[in-house]
Amino acid sequence: MSDMKPTLPISIVALLVVAFLQVPVLVVVLTSFSETSYLTIPPQGWTLKWFAEVLSDPVYLRAIRNSLILAVSSTLLSLVLGVAAAYALFRKAIPGAEAITALLMAPLIVPSVVIGVAMLQYVTLVGLRGSFLVLIVAHVVITVPYILRSALASLSGLDVSVEEAARVLGADGFTAFRLVTLPLIKPGLVAGALFAFVTSMENVPVTIFLASARQTTLPILIFSSVEMGVNPGVAAISTLLIVATVIVLLLAERWTGFHKFV
Amino acid sequence: MSNLSLRNIVKRYGRTEVVRNASFQIAEGEFVSLLGPSGCGKTTILRMVAGLLEPTEGQIMIGEREVTRLPPNKRNIGLVFQSYALFPHMTVFENVAFGLRRKGESGKPLEERVNAALEMVRLGGYGARFPRQLSGGQQQRVSMARAIAPRPSILLFDEPLSNLDAKLRDEMQIELKRLQQELRITTLFVTHDQAEALSLSDRVGVMHGGVIQQLDRPEEIYHRPANAFVASFIGKPNRLQGRVEAGTVALGAGLALRPERLDLPEGSAAEVFLRQEAIRVLRAPEPGALAGTVALRAFSGPQVQLVVRLAHGAEIVVEVPSAEDTASLAPGEAVYLAIRPRDIIVLPQGAEP
């Protein structure tokens, strides 16, 4: 079956669906170059002034900085915690491993708004409301499932005796993990980390409950700007986000061939 | 290099005893195999020696050192896995260098020892390749080089040849024997292949149900099995029921066998094991030969298998080389089976499976 070529009508339908889904992205990219101060299709004239405006606006710059700090730190933390958890859950005889895995994966299923409200109540209760650390912790909660999932998948594809061979050859547990297991699951981890990074970078529902005014992140800023009317500045920052994402994905694919792990 | 000894080793999972009170010693430079069907506990013993499993009870000594609770990296052993377990992200050179690097070896001496180990398995010049670029046999040789390079005091093999096809397996068997003779490293070899165990080992331990049934030289295992399990597991034996009478085992209908050794009391029930390959097929009677008729004939190339029905009704399977005159015997023809007294194995009846 797999080497059968799709028929022409199916190919056309598939192409139309893909085109339909990509139109909004195209619209945003095109309007970000428009000279008018409102969104028009086709764009009137060509300019980069909206990019210049956005990139010199301190509010936007701070939001970008907040988002990057948040995404990088929560992804790194999730990597450490997620890999450790996956290793323990997969390799060691931990009682209730299935239940623990389900619990850690739950943020994928529980609506983000619920997590946001719950986190808000909790941090208010323990008196940590408004701390940037809380925001990082919340983002770890929602990004850990991506790391855990890809780490578990990578570990299950690995011959256990490879690590045992390293142990017998004189490597202690951590050295065997660092020199043998970790390099072998790295492509899977890169894929998981990318998902985690993007998830943190674009999150609104959890962040909006927890971020104070000074901690506004980029998606929240875009969200609130749109409330006051869409302008080409929003389109410009969105275009930048799209371009950045594409570049990161291409680099990751070249570096690790990670599409096999998604 | 040192000797290995296991003292009263027990391994339990919950209430199941996988290894029951195993005690044995492997002398310095000796090659001992553990042979048995899957699930008999042989791999469990090997993994306990390697430190990958902890025994529930008992002691493991390497030389004068007790290693029972030591982690694998503190035991100085070499282990060759069935799956090769090479590091796929490292070159052949780095695979072999792994153990040496853990011992702090580096630079020129490291390079020399890695290359020497690769030469020893006839893979000199393959250092720059990656494991995936090698055949199964070559990968297993890399895995051997990796195990011997750090000069372990004990070498362990966990079914190392069972992933290879039959022809390659024979070649590797010779390779392995040569390597072990050159290095004279104390070796524990685990396999379910009896030909492999018998031909490679100084001594073979036949295992069943977590118990070492017999640990002895291959010839002893083959010719003087300690119990019915060993007798039926090794070779292709025929089993006959009989009764001890006046120095013979009477099978019924006037048929009797006179074994070289008979330690059973007069009148007791006995079980006779006759190996297919130890039975000579004759067209004419001979003193002591069993009379019967051919019931079935099957040609398999170099050999012809004959099923012979004895006078008292029991059936015996014999193998005749196709080149022999008796290979042309057809069903219904009379036949006589001669067995040398030393090839008649007699054991008490109903003791084991």
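Axis of helix A:218-227 versus longest Cα principal axis of chain A: the two differ by about 30°, to the nearest ten degrees. I need the shape label for region A:170-237. Rule: rounded when a/c is under 1.5, else prolate if a/b > b/c, else oblate, with a, b, c from the alpha carbon gyration tensor. Here region A:170-237 falls in the prolate category.
Over region A:57-261, what is the relative contact order in percent, taking alpha-carbon pairs closer than 8 angstrom and at least six residues apart? Could you put the intermediate results ahead of the total?
Numbers: 197 pairs, mean separation 68.2, N = 205.
Dividing the mean separation by the residue count of region A:57-261 yields 33 percent.
Here the calculated FRET efficiency for A:SER212 and A:LEU108, from their Cβ-Cβ distance with R0 = 41 Å, stands at 0.90, rounded to the nearest 0.05. Sorted largest first, the spans of the alpha carbon positions of chain A along the three principal axes are 69, 61, 31 Å. Averaged over the residues of peptide A:154-165, the number of Cβ atoms from other protein chains lying within 10 Å of each residue's Cβ is 4. Relative to a virtual label point 7 Å from the Cα of B:ARG20 in the Cα→beta-carbon direction, which members of region B:54-75 show backbone nitrogen distances below 18 Å? Inside the label zone: B:56-58. Prolate is the label for chain B, because the ratio a/c of its alpha-carbon gyration tensor axes (a ≥ b ≥ c) is 1.5 or higher and a/b is greater than b/c.
Two numbers describe the Cα atoms of the protein assembly as shown: Rg and Dmax, which are 36.0, 119 Å. For B:LYS103 and A:ARG65, a Förster radius of 56 Å and the Cβ-Cβ distance give a FRET efficiency of 0.70, rounded to the nearest 0.05.
Here's the list of lysines a cross-link from B:LYS11 could span, going by alpha-carbon distance under 17 Å and ignoring same-chain residues fewer than 8 apart: B:LYS42. Relative to one another, the C-alpha centroids of region B:42-92 and region B:137-200 are positioned 16 Å apart.
Applying 1/(1 + (r/R0)^6) with r as the Cβ-Cβ distance of B:ARG342 and B:ALA226 and R0 = 22 angstrom yields a FRET efficiency of 0.85. Taking 0.36 nm per residue of separation and subtracting the Cα-Cα distance, full extension of the segment from A:SER224 to A:VAL117 would add 36.6 nm. For region B:214-353, the C-alpha radius of gyration sits at 1.04 times the compact-globule guess of 2.2 N^0.38 Å, with N the residue count.
Counting Cβ atoms of other protein chains within 10 Å of each Cβ in B:79-91 and taking the mean gives 5.
Every read-out reported here was derived from the displayed coordinates using simple, explicitly stated rules and does not represent laboratory data. Computed from a predicted model, the values in this text were never measured in an experiment. Note: ideal-geometry Cβ built from the backbone for every residue, glycine included; neighbour counts use all protein chains shown.
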